[in-house]
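One structure is given here, and the rest of the page talks about it.
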Amino acid sequence: MTKRKGKDMEKWMKCYVGTNSLRGSKGIYTLEINTQNGEMREVSTVEADDSAYLYVSEKRKCLYAVMESLEYKGVPGGGVAAYRIEDNKLSFLNSRYAYGGWPCHVIADEEKDSLLVSVFRNGLLVVYGINQDGSIGEERRVEHHQEPNHIHASMPTPDGKYIAVADCGLDYIYLYDAKTYQKVFEWKAPEDSGPRQLRFSPDGKYLYMVSELSCQIFVFEYQPDCKDMLRNVQVISTRREDGYDRENYTSALQMHPSGRYLLAGNRGHNSIVVYEVDKETGLLMLKGHTMLAGDFCREFCFVPDGSMLIVGIQHTDVVQTFFFDENKGILKWSGQEIVIPSPSCVIMGDSAK
């Protein structure tokens, strides 16, 4: 939406912030972001338990949130909830049991009207149907991996044929058939690397995986018609080469809307690393690190045109905005921040990026 202030036009866009239920959090926050100067303002909130990861469905005009907890309605385990997006507020539709503790990721397969929920503690991939009104239907599949598995993320492949799954506990990436949910391929990561998040290149040719424990990006050629469906072509560190050797874990992994850059977060070192992507080969070249004035950046997202990054800094209880120079691949803090307790996920409301 656009608002006029004097002679200047200011473009405001909606953003949603999921939180853990800590330090007075109200649940899921709806913000407006001024994409000209980075200013943020709180519009509304909706009560939600441990809404640690969010997904916006443009098709259904709904927001989906995991309940990253160990109990759901008195039963051990977490849940997932659906909310209708109505102007500047969210209205609760329904919720479902997620069968295990700490569901940590949710995404929709829009073509198949299904919702994919990754459950960390119990190592489950749960697939639900999505009803016509956007509410969550019955489960279609509950896939349980062997211990000590910790499923951290899943996503449909760009061609719609498969579901890619990152197993942080067993150090694997799996591909499942998107119709039968049968496993068709697996790739073993180095021991104790901890696959965490996945992103495909805009052309669907390359898959990127960030490893939580080894703090690396793994680059794969996606070859659905070959026996070796994921071919590892590069491994590159997320760490700065400045002598920092203390505890560090990676967090978010986001592709710039242009496909020209890939960004990853470091928790411990408290930085965001920027890589330039070679569109021909998919390979990454380090551009630099931006230090954050806060502790434990868990998630961030771009505005649709890629000119700004919205960053949730979880332990410092703030959300900040950064300008992104696409020509140079450089982040610069806008000077703007808003206090939100334990921000765990940020996602644009006007786009599902």
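The values are calculated or read from the model by the stated rules, or taken from the named source; none is laboratory data. Model, not experiment: these values are computed from the prediction. Note that we place each Cβ from the backbone using ideal geometry, even for glycine, and neighbour counts take in every protein chain shown. Quick note on the areas: whole protein, heavy atoms, side chains included, nothing else; ligands and nucleic acids left out. Shrake-Rupley method; radii C 1.70, N 1.55, O 1.52, S 1.80 Å.
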Does Arg41 satisfy the condition of being surrounded by fewer than 19 Cβ atoms within 10 Å (Cβ to Cβ) and touching a residue at least 24 places away in the same chain (Cβ under 8 Å)? yes
Of the residues in the range 125-161, how many are under 21 Å from the mean Cα position of the chain (by Cα), among the β-branched types (Val, Ile, Thr) and open to solvent by 10 Å² or more (accessible area, probe 1.4 Å)? 1
Gly329 fails exactly one of the following numbered conditions: (1) open to solvent by 10 Å² or more (accessible area, probe 1.4 Å); (2) touching a residue at least 40 places away in the same chain (Cβ under 8 Å). What is the number of that condition? (1)
Kindly list the number of the only condition in (1) assigned to a strand (DSSP E or B); (2) open to solvent by 50 Å² or more (accessible area, probe 1.4 Å) that fails for Glu247. (1)
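For Ser271, indicate whether it is under 29 Å from Arg246 (Cα atoms) and of a type outside the set (A, V, I, L, M).
Details: under 29 Å from Arg246 (Cα atoms): yes; of a type outside the set (A, V, I, L, M): yes.
Yes.
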Scan the range 54-101 for residues that are surrounded by 22 or more Cβ atoms within 10 Å (Cβ to Cβ) and of a type in the set (Asp, Glu) and jot them down. Glu68
How many of the residues in the range 261-286 are in contact (Cβ under 8 Å) with a residue 24 or more places away in the chain, under 14 Å from Leu207 (Cα atoms) and over 18 Å from the mean Cα position of the chain (by Cα)? 6
Here are the criteria: (1) touching a residue at least 60 places away in the same chain (Cβ under 8 Å); (2) within 17 Å of Tyr53 (Cα to Cα); (3) surrounded by fewer than 20 Cβ atoms within 10 Å (Cβ to Cβ); (4) not basic (Lys, Arg). Tell me which single one Ser307 does not satisfy. (2)
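Of the residues Val126, Val219, which single one is free of Cβ contacts under 8 Å to residues at least 60 places away in the same chain and of a type in the set (A, V, I, L, M)?
One residue alone meets the criteria, Val126.
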Determine whether Asn122 is at pLDDT below 95, open to solvent by less than 40 Å² (accessible area, probe 1.4 Å) and either under 26 Å from Gly265 (Cα atoms) or not in a loop (DSSP other than H, G, I, E, B) (or both). no
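Can you say whether Ser258 is within 19 Å of Asn34 (Cβ to Cβ), at pLDDT 95 or above and open to solvent by 20 Å² or more (accessible area, probe 1.4 Å), as far as the supplied structure shows?
In short, no.
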